[in-house]
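Below: one structure, written as structure tokens.
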Amino acid sequence: MIAKDDQKRDDAHTSSAYRAPGDIERHTVPPDGRPLDEQPRWRQDFPIDWPQDEYVSRRDLVKFMVLTSLAFATGQLWILAKTLIRRQETFPMLPVARVDDVAVGGHLVFQYPAESGPRLLVRTGGAEFVAYDQQCTHLLCPVVPHVDEGMLHCPCHNGYFDLESGRVIAGPPRRPLPRVTLEIRDGVVYATGMEDQAT
Amino acid sequence: MNDRNRFPRAQRMTIVNAMLVFVMLIIVLQLWLLTATMNAYLGGDTEIVLPAAVASLVCLALNAGLLWYLYALER
């Protein structure tokens with residue numbers, strides 16, 4: 001008897017106009033009794049019935065994933081833009097020190113370009129100088145030159161770089177030190193540019 | 001007859017599920033592209049940046065096409 005009453009109540013709440021042809025799922029009837037397609041957007045997007053709710057949530061997941069795809073593509077374009085900007089970047093020619101100011105085996109910290117991070121100028125021989133970014137490519141600790149051993153040492157995590165090339169010899173760093181290009185004119189060492197070196 | 005009427009909800013659900021599989025596959029590819037490109041870029045290798053950006057945009061276009069079809073299903 002109770003089951004019969006339930007069936008009657010269900011039938012009363014189920015509109016035939018509400019069923020798509022061949023759709024055997026039962027739908028809840030909105031207060032105004034109109035079909036789902038004619039309901040306001042908010043009611044279509046927040047359905048009561050489970051099947052419709054699952055459809056809406058799956059559909060929204062697809063939309064969100066496409067948004068994620070847009071974010072990844074934007075990231076790629078950002079890297080491309082950074083690359084193009086870097087290629088067009090020009091560096092000023094800046095005097096760093098007089099040759100005589102730095103002893104053989106000695107070093108000097110300077111900034112190049114102005115107001116940038118610290119760079120390290122090392123005199124490796126008579127008129128031989130090399131200059132690198134002073135920050136280790138692992139976790140930005142300052143590197144210390146060991147001219148007699150021909151390497152730059154990062155004391156934080158024992159990273160070692162070749163003094164002549166800036167390439168990684170040992171330790172956790174995976175990228176070489178960015179190099180400052182130098183030019184010596186009239187006994188003065190000039191910084192002329194920066195170059196990132198491929199691993 | 002529009003797509004909403006042409007496909008019952010159960011069929012639309014199947015289509016959306018298939019769409020989601022494709023979108024996820026493409027996104028995994030894009031994620032791999034982004035990490036590989038970032039790794040190369042930080043390592044000073046910028047040769048790969050442009051082709052990777054083009055590939056990622058193609059992936060986005062494919063996803064946008066699927067999204068367009070999803071909206072078409074709703075109409």
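The values are calculated or read from the model by the stated rules, or taken from the named source; none is laboratory data. Only a predicted model underlies this, so the values are computations on that prediction, with no experimental measurement involved. A quick note on method: Cβ atoms are made from the backbone with ideal geometry, for glycine too, and the neighbour counts reach across all protein chains shown.
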task = Test B:Leu73 against the stated conditions and say whether it is under 30 Å from A:Pro178 (Cβ atoms), of a type in the set (A, V, I, L, M) and either assigned to a helix (DSSP H, G or I) or within 7 Å of chain A (Cβ to nearest Cβ) (or both).
result = no
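Looking at B:Ala40, B:Ala18, B:Ala55, B:Ala61, which is the one that is in contact with a helix residue (DSSP H, G or I) (Cβ under 7 Å, 6 or more places away or on another chain), more than 7 Å from every other protein chain (Cβ to nearest Cβ) and in a helix (DSSP H, G or I)?
B:Ala55
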request  = Evaluate region A:153-167: report whether one residue or more is over 28 Å from B:Ala40 (Cβ atoms), surrounded by 14 or more Cβ atoms within 10 Å (Cβ to Cβ) and touching a helix residue (DSSP H, G or I) at 6+ places or on another chain (Cβ under 8 Å).
outcome  = no
task = Determine the pairs where a residue that is closer than 18 Å to A:Gly106 by Cα and in contact (Cβ under 8 Å) with a residue 40 or more places away in the chain, located within region A:150-176, has a partner that is surrounded by 13 or more Cβ atoms within 10 Å (Cβ to Cβ) and of a type in the set (Val, Ile, Thr) with Cβ atoms under 7 Å apart, the partner being 6 or more residues away or on another chain.
result = A:Leu163/A:Val122; A:Leu163/A:Thr124; A:Leu163/A:Val130; A:Leu163/A:Val147; A:Glu164/A:Val130
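More than 14 Å from chain B (Cβ to nearest Cβ) and either of a type in the set (D, E, K, R) or part of a strand (DSSP E or B) (or both): does that describe A:Phe110?
The answer is yes for A:Phe110.
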request  = Scan region A:68-90 for residues that are surrounded by 15 or more Cβ atoms within 10 Å (Cβ to Cβ) and under 12 Å from B:Tyr41 (Cα atoms) and report the count.
outcome  = 4
remark   = Every listed condition ((1) at pLDDT 95 or above; (2) over 24 Å from B:Ala18 (Cα atoms); (3) in contact with a helix residue (DSSP H, G or I) (Cβ under 9 Å, 6 or more places away or on another chain); (4) among the hydroxyl-bearing types (Ser, Thr, Tyr)) holds for A:Tyr132 save (3)
ask   = Among the residues of region A:178-193, is any of a type in the set (D, E, K, R), within 14 Å of another protein chain (Cβ to nearest Cβ) and not in a loop (DSSP other than H, G, I, E, B)?
value = yes
ask   = Would it be correct to say that A:Tyr132 is assigned to a strand (DSSP E or B), surrounded by 13 or more Cβ atoms within 10 Å (Cβ to Cβ), within 27 Å of the chain's Cα centre (by Cα) and not charged (D, E, K, R)?
value = yes
note = Every listed condition ((1) touching a Pro at 6+ places or on another chain (Cβ under 9 Å); (2) more than 25 Å from A:Arg86 (Cα to Cα); (3) outside any strand (DSSP E or B)) holds for A:Leu152 save (3)
inquiry  = Looking at (1) part of a helix (DSSP H, G or I); (2) away from chain B (no Cβ under 14 Å), which one does A:Leu61 not meet, given that it meets all the others?
reply    = (2)
